[in-house]
1. Step through the residues of segment 80-95 one at a time and calculate ³J(HN,Hα) from phi using the Karplus curve (6.51 cos²θ - 1.76 cosθ + 1.60, θ = phi - 60°), rounding each to whole Hz and writing x for Gly and Pro.
2. Given 0.36 nm per residue, what is the gain on full extension from ASP41 to LYS197 after removing their alpha carbon distance, in nm?
3. Lys and Arg at +1, Asp and Glu at -1: add these up for the other residues within a Cβ distance under 11 Å of ASN302 and post the number.
4. For the chain, count all C-alpha to C-alpha pairs, find those more than 40 Å apart, and express that count as a whole percent of the total.
5. Can you tell me which of LEU226, LEU78, LEU282 moves the most in a GNM of the chain? Springs connect C-alpha atoms under 10 Å apart.
6. Output ³J(HN,Hα) for segment 233-241: one whole-Hz value per residue in order, computed from phi by the Karplus curve 6.51 cos²θ - 1.76 cosθ + 1.60 with θ = phi - 60°, and x for Gly and Pro.
7. With springs connecting C-alpha atoms under 10 Å apart, model the chain as a Gaussian network and identify which of SER88, SER77, SER194 has the largest mean-square fluctuation.
8. Ignoring any ligand, DNA or RNA, what whole percent of the accessible area of segment 1-70 comes from carbon and sulfur when the probe is 1.4 angstrom?
Amino acid sequence: MENINQFVSFVQEQYRTDKFIPLHEPRFRGNEKEYLINTIDSTFVSSVGAYVDQFEGEMEQFTGATKAVAVVNGTASLQVALRLVGVSKGDEVITQALSFIATANAISYNNAVPVFLDVDLDTMGLSPEAVRNFLENYGELRENACYNKITGNKISACVPMHTFGFPVHLDELISVCSAWKIPVVEDAAESLGSYYKGKHTGTIGQVGCFSFNGNKTITCGGGGALVTNDLAIGAKAKYLTTTAKRPHPYEFFHDEIGYNYRMPNLNAALACAQMEMLESFLADKRKLAGEYADFFRSVGVNFRTETTETKANYWLMCVELEDKSQRDRFLSETNEKGIMTRPIWALTYRLPMYQHCYRDEQVNAEFLEQRIVNIPSSVR
């Protein structure tokens with residue numbers, strides 16, 4: 001992009017300011033303060049309270065999932081989801097290296113090992129073809145489960161991540177994984193409000209995991225949620241995330257190792273107020289995406305948009321520049337001028353704790369790593 005000042009002026013016009021413009025900041029325009037005061041007045045500010053139940057119900061209604069369980073953050077939801085589908089020590093879990101670090105960390109928290117496979121260029125998410133190639137070369141079905149015939153380890157799950165809210169090719173991916181008896185856990189942390197063939201992300205795999213961190217489409221400061229259409233998995237998720245305590249009026253009895261991952265009522269109050277604003281937030285972001293698309297088309301830059309079979313939430317919007325040199329110039333000049341931009345993540349296998357993990361050639365992931373830049377995406 002030759003004239004970066006043109007982009008700076010466009011962003012300043014969108015946000016009606018010539019001051020610093022962040023990448024994605026929260027908007028509190030509804031009942032947030034009222035619900036927080038209600039929570040404080042009730043004294044139920046911790047892990048028990050009406051807003052937790054309300055928020056779980058609202059997540060079920062919005063996503064169409066049978067059961068939602070609110071937890072402290074998205075990483076915790078993914079950690080528990082992997083345990084729920086049977087991931088255990090020494091297992092291998094297929095995922096993508098083009099992702100936020102939490103995806104690989106959640107696998108490691110279960111003492112399992114990530115297997116990093118390539119992404120598709122159109123979705124920036126895990127490629128079904130890459131998964132198929134890996135399993136045809138390394139997979140072996142025995143005892144109604146998939147094993148890596150080279151390492152001997154069980155391949156116990158597959159975790160696609162819906163990058164920046166753009167859904168992966170789920171039908172193809174789930175078809176491949178089903179043939180190899182591998183459950184799919186959707187890392188939907190970034191995709192609240194995104195749909196694949198009319199179904200909300202997170203509800204198509206066995207379990208889906210969401211984040212409500214401060215930079216997400218809606219936020220409650222921290223917060224996360226698991227969703228599932230399997231009532232038994234949903235009940236187990238609630239049980240494990242509430243310290244695996246058996247219900248009793250006053251006795252404390254825990255019959256397995258659980259987690260104190262309950263969402264506090266204070267956070268849930270904030271989340272309920274944000275849910276009331278979600279549709280308007282999504283509408284504004286979609287409008288902004290359209291205006292960005294028109295602008296970048298006029299200057300010959302590729303603005304990333306949804307595929308024909310999906311509806312994206314446009315959580316973090318991004319452009320694809322010509323090469324790393326142009327990317328670095330764009331990053332440097334925009335940030336110097338008070339417009340926050342950032343590159344896509346460094347591929348996880350480049351990080352010291354994951355350099356030992358298997359990876360395929362990563363042709364598409366490395367292409368995107370050198371070219372993708374996030375641009376200001378806040379609701380206006």
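1. My calculation for segment 80-95 gives 5, 4, 5, 5, 5, 8, x, 6, 9, 4, x, 6, 10, 10, 6, 7 Hz in order.
2. Working: separation 156, 0.36 × 156 = 56.16 nm, distance 4.35 nm.
Answer, rounded to one decimal: 51.8 nm.
3. Details: positive: ARG297, ARG304, ARG371; negative: GLU320, GLU322.
After counting each charged neighbour, the total is +1.
4. Here the long-distance tail beyond 40 Å is 15 percent of all Cα pairs in the chain.
5. Highest fluctuation among the options: LEU282.
6. Ordered by residue, 3J(HN,Hα) equals 5, x, 5, 5, 4, 5, 5, 5, 7 Hz.
7. SER88
8. Working: 2010 of 4080 Å².
Whole-percent figure for carbon plus sulfur exposure: 49.
The values are calculated or read from the model by the stated rules, or taken from the named source; none is laboratory data. Just so it is clear, the model here is predicted, and its values are computed rather than measured. Backbone-built Cβ (ideal geometry, glycine too); neighbour counts: all protein chains shown. We work out accessible area using only protein heavy atoms, side chains counted, and drop any ligands, DNA or RNA first. Shrake-Rupley method; radii C 1.70, N 1.55, O 1.52, S 1.80 Å.
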